[in-house]
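All of the numbers you see were taken from the coordinates with simple rules; none came from a lab. Keep in mind that this is a model prediction, so the values were computed, not measured. Cβ sites come from the backbone with ideal geometry, for glycine too, and all protein chains shown count toward neighbours.
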Amino acid sequence: MMKFKITLAQITTKLGDVPANLDKHLELIRQAKSRDTDLLVFPELSLTGYVLQDLVPSVAQHPTAEDPIFKHLIKASRELDLVVGFVDEDPRHRFYIASAYLSGGRVIHVHHKVYLPTYGLFDEGRFFAWGDSISAFDTRFGRIGLLVCEDFWHVSPPYLLWLDGADILVFSSASPGRGLNDHEKLESARWVERVNKSYASQFTSFVVHCNRVGYEDGLNFWGGSTVFDPRGELVMQAPYQVESLTTCTVDTGMLKRTRTRLPLLRDERTALTQRELSRIIATRAGGWKGHND
């Protein structure tokens, strides 16, 4: 049981200008340290910008201490934990939208985005490879899971992280504003907040979401970053449409109190889920096969 401070760095980025974006990261890390922040979270592709297209190969990084960009972030992580968004390049030159967790001068975990939206205004599948794994990992604050944007529009990734022991789900996004109507906020903001609140209460876990802001290639990113507690209650919300550094305190003791009253995790029937999924997949055998089944 412990309390710690989370800060969400809701920023705009310069498209394709990794050195400038790194400078912004380092400055915000300095500011977050002055608040005694324990964990600082940046949005999706925070080091590169979002609408990269043909720029992808030129902005890719390797999350190691030898990388000219990551070496500065890894050093900074000796004083506070970091979640940063970047383009990861593997040894065979495939490129991934990635989120990295840095702590104690080390890269603890890297998540590759597993769902790439390629519909409507999105075109990620043309330029990036699909991630193929979802796993939680241990930190000094407990077990955490990372997801990136479209990943948390599908129920299976947060569900798998929950079963893998994650008590804190950290979502990063570059969510464009859509759905202007007579409500007080964008329809896309309303949908994302509903999803995050639902996951927090359904999985009795903390849900941390950092979204970017600003304009890029005709897209507007709306911000509104949030933290929800295991009861589905809003702990903190950053403002819409402006850059901000927003801090709150998370009390992990709430996990025990909530799960004692609402033992959804205790009663989850994973063997039943596995058996029924196997049946459904077998039923589909010989029929249409999706490329990421």
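Here are the numbers:
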item: Histogram of C-alpha separations across the chain, 10 Å bin width, %; result: 6, 29, 36, 22, 7, 0
item: In Hz, Karplus ³J(HN,Hα) per residue of region 243-258 (6.51, -1.76, 1.60; θ = phi - 60°; x = Gly, Pro); result: 5, 7, 10, 10, 10, 9, 9, 9, 10, 6, x, 5, 4, 5, 4, 6
item: Label-to-label distance, nm, for residues given as residue 65 and residue 190 (7 Å Cα→Cβ offset); result: 5.1
item: Spacing of the two label points (7 Å from each Cα toward its C-beta) at residue 268 and residue 155, in nm; result: 1.3
item: Phi-based couplings in Hz for region 221-234 (Karplus 6.51, -1.76, 1.60; Gly and Pro marked x); result: 9, 9, x, x, 4, 9, 10, 10, 8, x, 8, x, 8, 6
item: Summed residue charge, Cβ within 11 Å of residue 151's Cβ, Lys/Arg positive, Asp/Glu negative; result: -1
item: Mean ellipticity per residue at 222 nm, deg cm²/dmol - from DSSP H runs of n ≥ 4 across the chain, formula -39500 (n - 2.57); result: -8000 deg cm²/dmol
item: Where N is the number of residues in region 123-213, Cα Rg divided by 2.2 N^0.38 Å; result: 1.16
item: Alpha carbon centroid spacing (whole Å) that separates region 266-280 from region 64-124; result: 32
item: Taking the C-alpha atoms of region 1-128, convex hull volume expressed per residue in Å³; result: 120
item: Under 9 Å, Cβ to Cβ, from residue 74 - net charge with Lys/Arg +1 and Asp/Glu -1; result: +3
item: Integer Hz, Karplus 6.51/-1.76/1.60 couplings in order for region 61-74, x for Gly and Pro; result: 10, 10, x, 9, 5, 8, 5, x, 8, 5, 4, 6, 6, 4
